[in-house]
Structures are given as structure tokens and as C-alpha cells.
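Here the structure is laid out as C-alpha cells; the discussion comes afterwards.
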Amino acid sequence: MTGITTTTTLADGRELIYFDDGATAKPRTAATTTDHRPLPERGEPGEVRFDALTDEWVAVAAHRQSRTHLPPADQCPICPTTPNNPSEIPAPDYDVVVFENRFPSLGPAVGPVPPTPGWGTTGPAYGRCEVVAFTPEHTGSFSGLGEARARTVVEAWAHRTEALSKLPGIKQVFPFENRGADIGVTLHHPHGQIYAYPYVTPRAGVIGAAARKFYDGSDGRQTLTGSLLRAEREDGSRMVMEGENFSAYVPFAARWPLEIHLVPHRQVPDLAALSGEERDELAHVYLDLLKRLDALYPTPTPYISAWHQAPLDDLLRPASYLHLQLTSPRRAADKLKFLAGSEAAMGAFINDTTPESVAERLRAVVVQESSHSRATTSPAPLGALPEGAHA
């Protein structure tokens, strides 16, 4: 593990954890971890309602209407605390911090959803919503972090995945980042979130069912994601990079104008199951991908970075396979893809770009090399692997 962790409690009882870079980091003292704000008591969970038409749960969180929305820099709630800005983070400085969201969609209580729902079924919105502050700097983005700091974020994701997976009733742990005003962020400060759901989400359910069907069809000898990774590497035309432990590609049937999947070479259920060596490489290749995405246009590209981890479900988990889906609605320098009739109403996506051309553009971006990844630095012809990559 890199660095050390220090756990404290905010004034209203929420958990906060400091993740400090490097093996020489020192434990924090009470003087820098005590929250002196006069915060009100935490409210009860919101509500989940069962949609019988789609067999899905919907969270109702009306209390989030009052959450902080794009505050000025001197009032940012996830900058370090100063005399003029007693923020969510009591310390005057930090490396990476994870804390329970003050305005959660789920939680703070945890427990299961009703077991046999139907029309009219409701329940408490059990679960956990956490904020991950990547840096004390108010401006910038994940792609601007150093590799050591990115490694600390990976450690925080793995730590929280393991801890949240043990909470009563939790069925899925989802680390993600929304980047950019076009995605709908409410804070400019570089950060991500982690949701721990009391149910398997609709998208995870679809992916999990397909994975289980493939797994059963091979008598448990192969996984769907592993098979797709192998096929993409053999084809080569949509590959973006290949490392020792991870590869990235634009999927054959990409839905979004910009879509990249980052997949480990061995099947693991979640980030917590990655080895130290794999976490080291992940910090590097993930930074590489984000830099490539930002280099495509003159201005930063909005994106959603979504870590698909195995649900905590006895049927789905054995066939599931950790992977990242990095997507952006940006289809040109001055154009975004909006989810209108076909996508929003029918879930039938129509892509305005070809996966092969997007992969070629991403390969062509010049990114500083390291021994962890053989990413190309000049355009590669369609249908060919980047030089030095293996099929």
C-alpha cells in the first residue's frame, strides 16, 4: 500500500479519511483533523420506489435540491480549511481525501431493499455516497496529477471498495468521476464520487446477465469481458494502448462519440482485488488515457469515468470482470451529443463517429512514454496494431 490513511469524524458524524502520498507520510494529529463547524444533525435517508414497468429501483432524493452548486473558489467546500472558509476538509492541506457526502442520494443508513417489490413498493434509500477529493488544488483535473498522486487515488478507490462492500445490504460499489460543466458537475474542484447501492443497478444488471450467459455457455472457463479484450487485441484497429497488465480500446459497438474501455489482463472482480503492481500500472495508463482525451480538442473534454465492478451478487459476481468505461458526449470541438428520442426514450444509441477513426485519433496523440505502456505516438493505419504491441 502506498502512503498511510487517517480516519476522523466530521462535526455531524460523517466519516472522513485522509490518504497521504508515499511511504514516508506521517499520521495526522487531532489539530488538523477536528471539524469545529456547528453543523446540523444528519437527516434520515430519502426514499427508493420500485418501478414495476421496468423492474428497477428509483431513488427519490428531494433534499439534494439544496446542495452546493458551483460556488466561487473562496467558498469551495472541498478545498482545505482556511480561517475564511471552514470547509468539509478540516486540515489546512491534504493529498487525497474521501468523506461521506453531506447531501447523499443514498444513506447514511444502510440495509436491504424490500425483497419482493411490486407496484407501490417503497423503502428507505439505504446506501452510502462518498466524495473523493483528488487534490487540494481548486483548479485542474485528474489528468494533471502526478503519477504518485494518481496512485494514491487508486489506493483510495480500492480501500473504499473493500470497506463499502462489507456494509449490510450493499449490492454494488461504483467509483466514478463526472468532469466538466457539460456533464453537469456542481463543483469545479477536481473530485470524484463513490456510490454504494442497496441493489444491482440497471446497467450493471444488463452487463452482468450477458456476462453470466457467456460464462455458463463456456462451462465457466471463459469470461465475456476477457473474450472481448482478446478479440480487440487480435483485431488491433480499435486498440489505443497495451501495457503489461492493462489494455485500452474503443469498443467495436461504441455508443458514445468518445468511448474507451480500460481492462485488466486478468479477471478480477473489483479494484480491491488488484495487486500492487497492477495498481502501479493503472495509475500510469489511466493518466495516459485522460491526457489523450484532453489532447483531441483545444479545450478540455467533458467525460464520465465509470468503474464497472462486480456486483455483490452470488449469481453475477463469478462471471463479472472489472473494467473502466470512459465516455464523452463530445462529437466535435463545438458539438455535443444529446440523448434525445432514440437514446433517451428507447435506449437505442446512434453513434456519430466510427470506433476505428476515434481509436486512430487517440493513438496519434503524443503522450510521454514509460516502461508501463506501449502507447503509440503517431497515427497507426486502420487494422494494424500499434508498433511494439502484441496481438
What is the Cα coordinate range of the range 20-105 on the first, second and third principal axes, sorted by size from largest, in whole angstrom? 54, 32, 24
Taking chymotrypsin sites (Phe, Trp or Tyr not before Pro) that fall in a DSSP loop and have at most 12 other Cβ atoms within 10 Å as cut points, what is the longest piece of the chain between them? 120-337
Cα atoms only, the range 10-55: Rg and Dmax in Å? 18.7, 55
Once you compute Rg and the Kirkwood Rh from C-alpha atoms, what is the Rg to Rh ratio for the range 216-360? 0.98
Suppose the Debye formula is applied to equal point scatterers at every Cα of the range 104-218; what is log10 I(q)/I(0) at q = 0.10, 0.11 Å⁻¹? -0.41, -0.49
D for the range 198-249, whole µm²/s, Stokes-Einstein with Kirkwood Rh over alpha-carbon pairs at 37 °C and 0.692 mPa s: what number? 262 µm²/s
Solvent-accessible area, 1.4 Å probe, carbon plus sulfur percent, for the range 54-123: 55 percent
Which ³J(HN,Hα) values in Hz, rounded to whole numbers, follow from the phi angles of the range 27-32 under the Karplus curve 6.51 cos²θ - 1.76 cosθ + 1.60, where θ = phi - 60° and Gly and Pro get x? x, 7, 9, 4, 5, 10
Rounded to the nearest 500, the 222 nm mean residue ellipticity computed for the chain from DSSP H runs (n ≥ 4, each -39500 (n - 2.57)) alone is -6500 deg cm²/dmol
Whole-number accessible area per residue in Å² for the chain, which is evaluated in the context of all protein chains at 1.4 Å: 45 Å²
Run the lone-cysteine check on the chain: no other Cys C-beta under 4.7 Å from the residue's C-beta. CYS129
Quick check for me: using +1 on Lys/Arg Cβ and -1 on Asp/Glu Cβ, what's the dipole size of the chain about its Cα centre, in debye to the nearest 20? 440 debye
For the range 150-265, give the percent of accessible area contributed by carbon and sulfur heavy atoms, probe 1.4 Å, rounded to a whole number. 52 percent
Log10 I(q)/I(0) at q = 0.31 Å⁻¹ for the range 170-219, from Debye over equal alpha-carbon scatterers, is -1.05
So the carbon and sulfur contribution to the accessible area of the range 315-354, 1.4 Å probe, in percent, is 62 percent
Which three lengths, in whole Å and largest first, does the chain cover when its Cα atoms are put on their principal axes? 61, 51, 41
Using Cα pairs closer than 8 Å and at least 6 residues apart in sequence, work out the relative contact order for the chain, in percent. 15 percent
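The values are calculated or read from the model by the stated rules, or taken from the named source; none is laboratory data. Remember, predicted model here, so these are calculated numbers, not experimental data. Using ideal geometry, Cβ is built from the backbone for each residue, glycine included, and neighbour counts are taken over all protein chains shown. Surface accessibility is based on the protein's heavy atoms, side chains included, excluding ligands, DNA and RNA. Shrake-Rupley method; radii C 1.70, N 1.55, O 1.52, S 1.80 Å.
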